[in-house]
Amino acid sequence: MNKSQKNILKASILVSMMMLSSVPAYGMHIAEGMLPANWSLIWSAIFLPFFVWGFLAIKKQCAGNNRIKMLLAMSGAYCFVLSALKMPSMVTASSSHPTGTGLGAILFGPAAMAVLGFIVLLFQAILLAHGGLTTLGANAFSMAVAGPFVGYGVYLLAKKCKAHKNVQVFLAAFVADLFTYAVTATQLALAFNNESVSFMQSWGKFMGIFAMTQIPLAIVEGILTVLVYNAIASL
Amino acid sequence: MITMDRLAYSSKIKDVSPAFKAGLSISALVYTLLVDNALFSIGIFALMALLCTLLSGLPMRRFLKMCAIPFGFLLIGTVTISVGFSPVPVGFISLPFWGNYLVITQAGAILAVNVFLKSMASISCLYFLYVSTPIGCLLGLLDRMHTPKLLTELMMMIYRFIFILIGMAEQMALAQKARLGNITYGASFRSISVLASSVFVGAFQKSTKLYDAMESRGYNGDFAFTGELAGMSNRQKTVLAVYELVLLVTAVLTKLIAG
Amino acid sequence: MKTILSIQDLKYTYPDGTTALKGVSIDIELGERIAVLGSNGSGKSTLFLCLNGVHKALSGSILFDGKRMTYDKKGLIEMRKNVGIVFQDPETQLFCVDVYQEVAFGPHNLGYSKEQVHNCVMQSLDAMDLMQFKDKPPHFLSGGQKKRVSVASVLSMNPQVILFDEPTSALDPIHAQRLMQEINKLSAEGITILMATHDVNTAYAWADRVLVLGDGKVQAAGTPPVVFSDLPLLEKTGLQIPFVLRMYQKLCEKGMLAKAQTPPRTIEELENLF
Amino acid sequence: MKTILSIQDLKYTYPDGTTALKGVSIDIELGERIAVLGSNGSGKSTLFLCLNGVHKALSGSILFDGKRMTYDKKGLIEMRKNVGIVFQDPETQLFCVDVYQEVAFGPHNLGYSKEQVHNCVMQSLDAMDLMQFKDKPPHFLSGGQKKRVSVASVLSMNPQVILFDEPTSALDPIHAQRLMQEINKLSAEGITILMATHDVNTAYAWADRVLVLGDGKVQAAGTPPVVFSDLPLLEKTGLQIPFVLRMYQKLCEKGMLAKAQTPPRTIEELENLF
């Protein structure tokens, strides 16, 4: 470990102290059946163009090169494993899942992530009962489109500003995480507001829950992503 | 990692037409969403519990255990939904909050319970599909439904690769544990970061070997679904038709009665 | 005897610059059992990948059944149909969703019809006693079962030559023995078999001919008693004398045993001489 | 003799319900060399993981140097410091960016100071002759080198007991022999060694005592000549008689050799009897 990594490690330990160990991590996937039918359809429709775009991009990449197809599949599997890794937590065995969307976007590009993220979400639903089919469109939009795109954008921006590599990567992962959660909160708030609870109030509720549980996690994931990225880059 | 796909292989109906099973599961899921009624949700949940246990042969205990997986985070989500804001204390519970009150009213509670039941019912629909249909058949069904080939190809490969990488990650996690890799929080953190990067490198090293293995058996870019899928018998078609009809009638009746 | 594979001055260099084969020549007869010996890095795996067309030889040629191998689409299909490889680690050989599809992958690539594919798969599953695992994904199988699936997946293409890369290395004795029986059954059916191994005792007992590779070249090729009696060769290539041969030679030397026509190959043959 | 590890009625069941250990009891003396035999699934790997505290035994107890093992933080540090495991597949045992950090991983987690860590690392690298690879990523080393790195990474924690899971399984004879020499060197320095292996010949020649596991239980434990002369046991557990012992017994039986005080353990010892 070099000095900067060491500092990051120290910081991460500090940050983890902030983690509210008593609050069980709120899954960032919207559970099956939670969204009303119309919102399920709307989010699927919003996700679709991104999916098609990613699909065409991948198809072009794979044309005439079978090895790339397999590497993409391996990347998808890696995203799944990354999202299933148990994050260390301060107390007991409670754990939560990093999203890995930021790292995925940096490594494989946001277009590929739209398709790979979709497949990963499908397998998470089938193999782990995380998320679901009717909420696949909504989850895919937040995790496979919004997070990676914004994360990747921040990464490019930070690159342009000549920020330190670690800062670039940290910001990409941190923002990708937060933005994913923010989109999820928005999706829930849009579905659950009425006369007595306005959209803004509802949004405030879901963001409040996320802020409590996910901001520390996003920081941890940001640091983790920097460590992983550096380890990969040094190989 | 214990994944749910293991259950399908001990199902009594694993060789039954996947289209039939998907029909039972998906249509119930769609009606659950459309009807959006607590009693209807409970009915679907009960129906799926029966299908899982009696038809597919899943032990009841196992089914309930599976239902507990999403229970926790569904609860937090639905409790959040139930919370409202009010300038005055109303409802069952009210907590002062920045000059206003966070309240749980009857309407809020009913909405939350509805969402919770609908969600559990939907999850049970998918569980029936998962515990009765091996992944190979599910992917075959997607292929049969004219899913773009590149997508099914990627899915088939990703499914297998997931387990190759999980196997590697689990072995590595054991080796780390054996050298005290999880003894402190800092150590765990370091361990998981080197593990994630190591799995990345391993994934790409393994991919070369796998590609050689594919090529040695004549891979030419065509990674098609080659399995056998059972078709629907006439009896199954009839059963499915009756099932759909019953669902439809029940759904319409529920809607009419509930207004 | 008919030559099934004729390898002439085969050279191969990896993209990273490592020269793995520096001119390998050998003729392989139809139905032969050949043990390929050599330390890690001696070129065994590279040779196997060349023989099946996965690696394109830099120079030299491979003749299958008298026909020179070509690297166009038709030639590659021919080669991969006729020469199958069972890799060392089944974990990185198996990539399909379930056993059936794994075994169907090869025949499907050969462009067979659905029925033909089905027949090929059923035959190989039956031969490898895997029928009950047909629908299972590879990750639910034990090491020995996975190994058998990888053999079945090659067998379903009906190859005339099968290359085994250390087939028993990760298996316990019971499963190793069982696999060797399956391999012998294939051999008895007329399939030519090349087996890379580190185990001189197995090589000595099993092979018709031993091919010793070292430093990308053929160091020796001949019947096991001849190759394993060549002490300077063994010294140079780091191979040990097979136990049975060593015992036999020692006993003869001490006059405790009369020299037999051919040296015994197994411990049972040796004991029968007593 | 001092008992370093005392295992009493150890039971372990995996989360998926498989019972891997059904009551294992054995005492291990300081400095012993124990070969652990048994087919795949007999519980060898599980036993090793229990002895190092990675798996928490369901019931029964493990005493290290007379002290009962506890699963609190201090107890775990004790256990994992004192008992090291060298896993079968170095590929999944090595995960760090370079060899130095790999070897430093254990000592670092023990909370040693920077200098202490450095000393531990340097000593182990030296012992395993790896100094020149210090800064290389483990992924790019050869199989034999990786194996040595995995031994060094355990050695750097200064364990009193090292458990080897099939150390030579993927190595060619030259590297296997070299590794066995390293293991013997550690043994000579007083480290207690348990080695899981499928190779009855190695077990017979090398071990002070052989532990046969089967079906999660101890099927036999004793000196190699005793265990390997127990034909019903060998039959039951699928083990073969070691070559040297079989030959010796046969020769004695035929009257070609006078019975020695103790049966020969290596081929050289056998030949010396002629």
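The values are calculated or read from the model by the stated rules, or taken from the named source; none is laboratory data. Nothing here was measured: the structure is a model prediction, and the numbers come from that model. Backbone-built Cβ (ideal geometry, glycine too); neighbour counts: all protein chains shown. These accessible areas exclude ligands, DNA and RNA; they are computed on the full protein's heavy atoms, side chains included. Shrake-Rupley method; radii C 1.70, N 1.55, O 1.52, S 1.80 Å.
Restricting attention to segment B:26-47, which residues are among the small types (Gly, Ala, Ser) and surrounded by fewer than 23 Cβ atoms within 10 Å (Cβ to Cβ)? Once the filter is applied, which keeps residues that are among the small types (Gly, Ala, Ser) and surrounded by fewer than 23 Cβ atoms within 10 Å (Cβ to Cβ), segment B:26-47 yields B:Ser27, B:Ala38, B:Gly43, B:Ala46.
Taking the condition open to solvent by less than 20 Å² (accessible area, probe 1.4 Å) and either charged (D, E, K, R) or touching a residue at least 24 places away in the same chain (Cβ under 8 Å) (or both), does B:Ala251 pass? So B:Ala251 fits the description; yes. Restrict the check to segment B:139-148 and report whether at least one residue is within 9 Å of another protein chain (Cβ to nearest Cβ) and part of a helix (DSSP H, G or I). Yes, the conditions are met somewhere in segment B:139-148.
I'd like to check something: does segment C:72-94 contain any residue that is assigned by the TED database to the domain that holds C:Leu179 and small (Gly, Ala, Ser)? Yes; the residues of segment C:72-94 include at least one that is assigned by the TED database to the domain that holds C:Leu179 and small (Gly, Ala, Ser). Quick check: anything in segment B:64-75 open to solvent by 60 Å² or more (accessible area, probe 1.4 Å), at pLDDT 85 or above and hydrophobic (A, V, I, L, M, F, W, C)? For segment B:64-75, residues open to solvent by 60 Å² or more (accessible area, probe 1.4 Å), at pLDDT 85 or above and hydrophobic (A, V, I, L, M, F, W, C): present.
For B:Met172, state whether it is surrounded by 23 or more Cβ atoms within 10 Å (Cβ to Cβ), farther than 30 Å from B:Met60 by Cβ and aliphatic (A, V, I, L, M). Here the answer is yes, as B:Met172 does meet what is asked. Scanning segment B:1-51 for residues that are basic (Lys, Arg) and either free of Cβ contacts under 8 Å to residues at least 60 places away in the same chain or over 20 Å from A:Glu32 (Cβ atoms) (or both) yields B:Arg6, B:Lys12, B:Lys14. Residues in segment B:207-215: is at least one acidic (Asp, Glu) and at the interface with another protein chain (Cβ under 7 Å from one of its Cβ atoms)? Yes, that holds for at least one residue.
Against the numbered list (1) at pLDDT below 90; (2) of a type outside the set (D, E, K, R); (3) touching a strand residue (DSSP E or B) at 6+ places or on another chain (Cβ under 7 Å), D:Phe87 comes up short only at (1). Restricting attention to segment D:115-154 and to residues that are closer than 23 Å to D:Leu76 by Cβ and open to solvent by 10 Å² or more (accessible area, probe 1.4 Å), the residue that is farthest from the other protein chains (Cβ to nearest Cβ) turns out to be D:Gln116.
Does segment C:236-253 contain at least one residue that is free of Cβ contacts under 8 Å to residues at least 24 places away in the same chain and in the same structural domain as C:Val36 (by the TED database)? Among the residues of segment C:236-253, at least one is free of Cβ contacts under 8 Å to residues at least 24 places away in the same chain and in the same structural domain as C:Val36 (by the TED database), which makes the answer yes. In the set A:Gln201, A:Gln168, only one residue is more than 14 Å from chain B (Cβ to nearest Cβ), assigned to a helix (DSSP H, G or I) and either open to solvent by less than 10 Å² (accessible area, probe 1.4 Å) or not aliphatic (A, V, I, L, M) (or both); that residue is A:Gln168.
Taking the criterion of being more than 14 Å from chain B (Cβ to nearest Cβ) and open to solvent by less than 10 Å² (accessible area, probe 1.4 Å), the only residue of segment D:62-79 that qualifies is D:Ile62.
Among the residues of segment B:52-79, those identified as free of Cβ contacts under 8 Å to residues at least 60 places away in the same chain, part of a helix (DSSP H, G or I) and more than 13 Å from every other protein chain (Cβ to nearest Cβ) are B:Thr53, B:Leu54, B:Met60, B:Leu64.
Somewhere in segment A:216-227, is a residue more than 9 Å from chain B (Cβ to nearest Cβ) and open to solvent by 40 Å² or more (accessible area, probe 1.4 Å)? No, that holds for no residue.
Of the numbered criteria (1) at pLDDT below 90; (2) open to solvent by less than 20 Å² (accessible area, probe 1.4 Å); (3) part of a helix (DSSP H, G or I), the one C:Ile174 fails is (2). Among all positions in segment A:51-68, there is at least one residue which is surrounded by 22 or more Cβ atoms within 10 Å (Cβ to Cβ) and at pLDDT 80 or above.
Looking across A:Leu116, A:Leu133, A:Leu82, one residue alone is modelled with pLDDT under 85, facing chain B (nearest Cβ under 9 Å) and either crowded, with 23+ Cβ neighbours inside 10 Å or outside any helix (DSSP H, G or I) (or both). It is A:Leu82. Here C:Pro232, C:Pro225, C:Pro263 are screened, and the one residue that is outside the structural domain of C:Asp165 (by the TED database) and more than 14 Å from the chain's Cα centre (by Cα) is C:Pro263. Screening segment C:180-238 for helices (runs of 4 or more DSSP H) wholly inside it with 2 or more residues that are open to solvent by 40 Å² or more (accessible area, probe 1.4 Å) returns the ranges C:200-206, C:231-237. Hey, among the residues in segment D:101-114 that are polar (S, T, N, Q) and open to solvent by 30 Å² or more (accessible area, probe 1.4 Å), which one's nearest to D:Pro90 (Cα to Cα)? Per the stated criteria, the residue is D:Gln101. One residue stands out among those in segment C:80-98 that are aliphatic (A, V, I, L, M) and within 9 Å of chain B (Cβ to nearest Cβ): the one that is surrounded by the fewest Cβ atoms within 10 Å (Cβ to Cβ), which is C:Leu94. B:Gly181 meets each of the listed conditions (1) modelled with pLDDT under 90; (2) facing another protein chain (nearest Cβ under 7 Å); (3) in contact with a Ser or Thr (Cβ under 6 Å, 6 or more places away or on another chain); (4) open to solvent by 40 Å² or more (accessible area, probe 1.4 Å) apart from (4).
The single condition among (1) open to solvent by less than 20 Å² (accessible area, probe 1.4 Å); (2) more than 7 Å from chain B (Cβ to nearest Cβ); (3) modelled with pLDDT of 80 or more that A:Thr101 does not satisfy is (3).
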